[in-house]
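Bear in mind these aren't lab numbers, they're just calculated from the coordinates by the rules spelled out. Keep in mind it's a predicted model, so treat the numbers as computed, not measured. Heads up, the Cβs are rebuilt from the backbone with ideal geometry, glycines too, and the neighbour counts pull from every protein chain shown.
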Amino acid sequence: MNYSKIKQSVWITSFSAFVVIVLIAIGFLIITNVLFLGLSDFLYYAGESRTWVSFVTTLWTTTIATVLSMFIGVPVGYTLSRYKLPCSKLMKTLIDLPVMVPPVATGVFLLGVFKSVPLVNITQFLGIRIDHALPGVIVAQFTVTVSFCIRLVMASFDTISPRFEAVARSLGADLPYTFFKVSLPLAKNGLIASLIIVWARAVAEWGSLMLFVGGIQGRTDVMPFAVYLDFISGKIGSALTMSMLCILIAIGSMYAVYRVGGKTRVW
Amino acid sequence: MLYTGSEVKHVSGSKWFISILYAITVLFILYVCWLFLSNTGHTDIQSILQLVNRNWFWRSVKLSLVTSFITTIIAILIGIPAAYALSRFEIPGKTFIDIIFASVIVLPASSIGLCLIVAFQYEPVLKIQEALGFRIVHSLPSIVIAQLVHAIAFGIKAWRVAFDNVNPRFEQVARTLGSSRIRTFWKITLPQSKIGIIAGIILAWTRAMAEFGAVLLFSSTFRNRHISQFSDITRFLGLDRADILPISMLLEIECGNIEQGIAIAFVLLMITVLSVYTLNKIGGKGVLS
Amino acid sequence: MKTLLQAKSFCKSLVIFISIVLLLVITNHEVFGKGKKRLLFHAGAGQRPSLDEIAEIFQQRHPDVRVDFSYKGSGYFLADMTISKEGDLYMPGEEFYLLQADKRGFVADYNPETDIAAYFVTVIITPKGNPKNIKSVADFAKSGTRVGLGDPKACAIGIWHETIFKKAGILENVRKNATMNAKTIPELGNACQLKAIDATIVWATTAMLYLKDIEIIPMEPKYRGLIRLPVAILKFCRYPKETKELKNFILSDEGKKIFHSHAYCIDPNKVDEDMKWLVEASKVAKDPSIPVTEETVGPFVKEVKRQRETKR
């Protein structure tokens with residue numbers, strides 16, 4: 001072992017130490033929680049119907065919200081990736097806003113929107129209720145995740161050379177055909193990865209629900225909200241179980257992203 | 001290689017498809033604008049003036065800024081070296097580390113808050129705190145810890161992209177020309193990835209500023225605490241008896257002062273617009289997604 | 001070969017898609033109880049265990065009704081109701097909030113004489129082992145004690161903290177000791193369970209949730225609060241008949257018995273006896289060698305048994 005090799009290993013170790021610090025911190029959080037809860041309690045509370053009602057509500061709302069997000073996210077992401085918008089920086093700022101504003105503020109803004117003139121009339125006319133009801137959960141999740149989704153989709157289209165599209169066009173295919181037969185299949189892995197990330201982000205959404213929807217037990221309490229609701233009403237075991245499930249979902253979906261990701265990295 | 005804005009030259013006949021794409025984009029942007037602008041009707045000048053005249057409001061602004069700056073600095077000190085290590089070295093179990101770090105980003109804030117409070121009140125940890133003579137839960141430093149979780153996860157992600165975008169070739173060339181590792185890092189790697197790193201810093205700061213759920217569960221509220229609870233330094237800086245802005249907003253609205261709550265929401269919105277606009281202006285590629 | 005592969009992957013995605021849709025459709029029907037009359041019940045977060053039990057029994061008897069609960073700090077409902085204009089029944093932890101709602105014209109049916117479901121009793125709780133040796137209300141003023149207080153704007157216990165400590169003449173000193181301001185009562189209990197605070201005053205029914213992890217100390221009768229727990233029908237009520245039935249069920253002897261089993265007081269003359277059982281219950285819950293029967297824990301058999309099953 002010569003001198004420079006030792007130096008190299010010192011160099012690598014000193015940087016890697018910081019990775020270890022972060023890992024230890026995360027491990028500390030998760031392990032203390034697991035020890036505090038204990039397996040028997042986890043199984044006990046996981047077997048309660050309340051946990052599963054909340055889980056199913058989450059599954060429902062997030063799936064719908066994700067599909068809606070993708071419907072907006074794919075065209076907008078493609079447009080942003082391929083064309084230049086006028087004052088593009090301002091436009092991109094606006095698109096990024098819903099996910100960057102503190103979620104609790106987004107919730108307040110949503111509440112205000114559904115109390116302001118055109119929408120309040122529409123909802124009254126249709127006789128549906130958005131705020132303080134299940135559709136509100138979907139609206140909130142959609143609003144927050146859609147900008148996330150646009151960014152991700154844009155990133156996955158950015159990695160695809162427009163050359164392929166240009167070739168298809170020069171061979172006589174029109175743009176819609178090129179989009180559906182060339183661009184989308186090429187970006188498939190990236191898009192699936194985005195879909196999973198968006199879904200996981202929707203599952204994690206809580207702050208904007210706080211004021212916009214409020215937690216009605218068994219009806220609008222998606223899992224993150226159920227964690228809070230159980231915590232403030234003293235069922236810490238149930239809250240911890242739900243929180244563990246949230247962590248499992250997050251890790252599971254990130255693993256799925258890694259598996260399908262292809263070129264798209266986990267982030 | 002990224003191909004942003006590399007338009008496919010279109011022949012005639014596909015105009016309608018492009019119009020649809022643009023229409024959806026514009027509609028979405030209008031939705032966002034409308035989301036924020038329609039709320040101006042729910043607040044008024046009078047309640048904004050009232051809010052500005054309240055002592056706790058300015059203390060809240062200060063507290064928010066101070067805690068988020070401290071958070072960002074800690075995130076930088078730990079996150080940048082970690083991101084560099086993840087970007088350059090073959091660390092064993094890297095996939096696992098990647099997955100864990102990425103999942104922190106999609107963790108619900110309530111879950112993080114609960115994890116933090118349980119972890120810091122866990123028996124052995126509590127004993128250590130007792131021996132050292134301080135208690136983290138429900139104290140001002142706890143705000144920084146709660147903000148740090150998301151901030152550092154977003155920061156590491158951004159910085160890693162920034163380092164990945166630097167071609168290691170340059171570093172190798174500098175090394176063969178006799179530059180030391182530290183010198184190469186300072187003179188080649190950092191300047192080359194400057195934009196990405198700054199973008200990451202802004203991103204981490206914005207996240208720290210926006211953090212709300214974890215703080216609510218971990219630190220509780222401070223506004224009604226007695227002044228003797230706070231140390232001389234915090235009193236001198238005017239950080240006592242204040243909550244960070246998102247929590248002040250929640251408290252105002254839950255107590256029925258909706259106009260003032262929305263006014264605070266607009267303050268938060270303006271801060272976010274500024275930082276996101278800066279992010280887009282300096283254009284750290286791949287940082288935001 | 002290639003087409004076969006394509007067909008295979010197409011089938012795979014189709015199967016996944018269909019199963020997701022099926023799962024959603026089935027669960028939708030099962031979980032969300034389509035076609036039922038849904039009552040929205042605003043209640044203070046402290047009342048959750050008892051009301052959940054009552055709703056379960058009520059739903060068994062009225063299969064077409066579902067009771068949805070919105071639990072919060074009692075003080076937040078006013079803003080919430082002003083915004084959402086929704087809700088059938090309202091049960092804050094303190095009459096003060098109900099009267100405020102009445103002032104704003106939200107209450108349709110409330111009779112202060114008869115519509116009292118039960119009474120809260122205040123008790124002192126400390127973490128397991130009572131590290132700061134709290135014995136009475138006066139001990140809260142000892143410097144260095146971490147006290148948790150409720151926010152009077154947010155929850156009912158906040159009002160009573162002020163009242164009790166003012167009566168004892170130590171409000172200012174207790175405020176100096178307060179290291180936590182809670183938005184709901186169980187938050188205080190959580191903090192105590194997690195040892196974040198050294199002492200606080202909560203309802204007996206909240207203390208009941210943490211029998212294993214806390215010590216319960218009955219208060220001196222001169223400071224003890226007996227708080228009326230009112231229940232009222234709101235004017236936004238959509239199903240007056242069912243709501244009325246639920247209210248009557250809560251006020252009936254059967255309902256009151258459920259409240260009693262969750263450490264509410266239903267007869268103000270028997271408070272001391274209830275407190276004695278509560279202290280016993282906390283002892284029994286901690287010691288697995290004592291059998292859980294009527295003789296050892298009085299009315300709290302069910303709750304103690306439930307807590308024996310889990311760690312937390």
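Per-residue ellipticity at 222 nm for chain A, helices alone: DSSP H runs ≥ 4 residues times -39500 (n - 2.57), over residue total, nearest 500 deg cm²/dmol?
Numbers: 13 runs with 207 residues, N = 267.
Taking each H run of at least 4 residues, the total per residue is -25500 deg cm²/dmol.
Return the average number of partner chain Cβ atoms within 10 angstrom of each residue Cβ along peptide A:26-34.
On the way: counts 10, 1, 5, 11, 3, 2, 10, 8, 1.
What the average comes to for A:26-34 is 6.
So if we plug the beta-carbon distance of B:Leu274 and A:Trp52 into 1/(1 + (r/R0)^6) with R0 = 30 Å, what FRET efficiency do we get, rounded to 0.05?
Computed FRET efficiency for B:Leu274 and A:Trp52: 0.10.
Among C:Leu278, C:Thr243, C:Phe300, whose Cα lies farthest out toward the positive end of the dipole of the stretch C:228-312, if unit charges sit on the beta carbon of Lys, Arg (+1) and Asp, Glu (-1)?
The one lying farthest along the dipole's positive direction is C:Thr243.
How far apart, in nm, are the 7 Å Cα→Cβ label points at A:Val67 and C:Thr82?
Simple spin-label model gives 3.9 nm for this pair.
Of all alpha-carbon pairs in the protein assembly as shown, indicate the percentage at a distance above 42 angstrom.
The calculated P(r) of the protein assembly as shown puts 35 percent of pairs beyond 42 Å.
Per residue of B:81-93, count partner chain C-beta atoms within 10 Å of its C-beta, then hand back the mean as an integer.
4
Can you give the convex hull volume of the alpha carbon atoms of the stretch A:129-173 per residue, in Å³?
So the per-residue hull volume is 83 Å³.
For chain C, calculate the relative contact order in percent as a whole number, restricting contacts to Cα pairs under 8 Å that are 6 or more residues apart.
22 percent
log10 I(q)/I(0), Debye, Cα-only chain B, no solvent, q = 0.11 Å⁻¹?
These q points yield log10 I(q)/I(0) values of -0.83.
What is the packing order of peptides A:77-85, C:249-257, taking the mean over residues of other C-beta atoms within 10 Å and listing the highest first?
Final packing ranking: A:77-85, C:249-257.
Give me B:Arg235, C:Arg312 sorted ascending by neighbouring Cβ count inside 10 Å, so fewest comes first.
With the sparsest Cβ surroundings first, the list reads B:Arg235, C:Arg312.
Could you list the chymotrypsin sites (Phe, Trp or Tyr not before Pro) in the stretch B:103-198 that lie in coil according to DSSP, counting only those with at most 16 other Cβ atoms within 10 Å of their Cβ? List each step's numbers first, then the result.
On the way: sites: B:Phe120, B:Tyr122, B:Phe134, B:Phe154, B:Trp159, B:Phe163, B:Phe170, B:Phe185, B:Trp186; in loops: B:Tyr122, B:Phe134.
Taking the stretch B:103-198 and a limit of 16 other Cβ atoms within 10 Å, the loop chymotrypsin sites (Phe, Trp or Tyr not before Pro) found are B:Phe134.
Any idea what the relative contact order of the stretch A:88-218 is, in percent, if you count C-alpha pairs under 8 Å spaced at least 6 apart?
42 percent
Run the dipole for the stretch C:201-312 about the Cα centre, Lys and Arg Cβ at +1, Asp and Glu Cβ at -1, nothing else charged, and hand back the magnitude in debye, nearest 20.
Once rounded to the nearest 20, the dipole reads 580 debye.
Can you compute the radius of gyration and Dmax for chain C, using only the Cα atoms, both in Å?
For chain C, the Cα radius of gyration and maximum Cα-Cα distance read 23.1, 88 Å.
With only Lys, Arg, Asp and Glu charged, each at its Cβ (+1 for the first two, -1 for the last two), find how big the charge dipole of the protein assembly as shown is about the Cα centre; round to the nearest 20 debye.
Details: 91 positive and 63 negative charges, 679 e Å.
In debye, rounded to 20, the protein assembly as shown gives about 3260.
Which FRET efficiency value, to the nearest 0.05, do you get for B:Trp34 and B:Lys194 by plugging their Cβ-Cβ distance into 1/(1 + (r/R0)^6) with R0 = 51 Å?
0.90
Starting from the Cα of B:Lys94, draw a straight line to each of the lysines and keep only those under 24 Å, dropping any in the same chain fewer than 8 residues away.
A:Lys5, A:Lys7, A:Lys263, B:Lys157, B:Lys285
Could you work out how far apart the two model spin labels at B:Glu123 and B:Leu177 are, taking each label as a point 7 Å from the Cα in the direction of the beta carbon, and quote it in nm?
6.1 nm
For the ranges C:195-203, A:90-98, what's the packing order if you count other beta-carbon atoms within 10 Å of each residue, average per peptide, and put the highest first?
Per-residue Cβ counts within 10 Å, averaged per peptide and sorted highest first, yield C:195-203, A:90-98.
What's the angle, to the nearest 10 degrees (0 to 90), between helix C:240-251's Cα axis and the longest principal axis of chain C?
With both axes taken from Cα atoms, the answer is about 40 degrees.
Just want the answer: with Cβ charges of +1 for Lys and Arg and -1 for Asp and Glu, which residue in A:Ser49, A:Ile30, A:Ile6 is farthest toward the dipole's positive end in the stretch A:1-102?
Sorting the options by dipole projection puts first A:Ile6.
What does the net charge come to around A:Leu195 if you take all other residues with beta carbon closer than 14 Å to its beta carbon, with K and R at +1 and D and E at -1?
That works out to +4.
Take peptide C:78-86, look around each residue's Cβ out to 10 angstrom, count Cβ atoms belonging to other protein chains, and average those counts.
Working: counts 3, 9, 6, 0, 2, 10, 7, 1, 6.
Across C:78-86, the average partner-chain Cβ count within 10 Å equals 5.
If I model a spin label at A:Val167 and B:Leu27 as a point 7 Å from the Cα along the Cα→Cβ vector, what separation in nanometres do I get?
3.4 nm
Report the charge-dipole magnitude of chain A in Debye, nearest 20, computed about the Cα centre from +1 at each Lys and Arg Cβ and -1 at each Asp and Glu Cβ.
That gives chain A a dipole magnitude of about 920 debye.
Find the centroid of the Cα atoms in the stretch A:226-265 and in the stretch C:56-94, then give the distance between the two in whole Å.
28 Å
Under 15 Å from a point placed 7 Å out from the Cα of C:Lys103 along the Cα-to-Cβ direction: which residues of the stretch C:60-76 have their backbone N that close?
In the stretch C:60-76, the label zone of C:Lys103 (backbone N under 15 Å from the point 7 Å along Cα→Cβ) covers C:75-76.
Taking the Cα centre of the protein assembly as shown as the origin and placing charges on Cβ (Lys, Arg +1; Asp, Glu -1), which of B:Ile271, C:Leu40, B:Ser60 is farthest toward the positive end of the dipole?
Checked the options; the winner is B:Ile271.
Can you give me the Cα centroid spacing of the stretch B:164-241 and the stretch A:82-117 in angstrom?
Answer, in whole Å: 25.
Can you compute the helix-only [θ] at 222 nm over chain C? Use -39500 (n - 2.57) per DSSP H run of at least 4 residues, normalise by all residues, nearest 500 deg cm²/dmol.
Details: 13 runs with 144 residues, N = 312.
Per the formula, -14000 deg cm²/dmol.
What percent do you get for the relative contact order of chain B when only Cα pairs under 8 Å and 6+ apart count?
For chain B, the relative contact order is 28 percent.
Post the alpha-carbon centroid distance, the stretch B:38-62 to the stretch C:236-312, in whole angstrom.
46 Å
Please report, in Å, the Rg and the Dmax of the stretch A:107-201, where both are computed over Cα atoms only.
Reported Rg and Dmax, both Å: 19.0, 53.
Over the stretch B:81-181, what portion of Cα pair distances is larger than 20 Å, expressed as a whole percent?
More than 20 Å apart: 56 percent of the Cα pairs in the stretch B:81-181.
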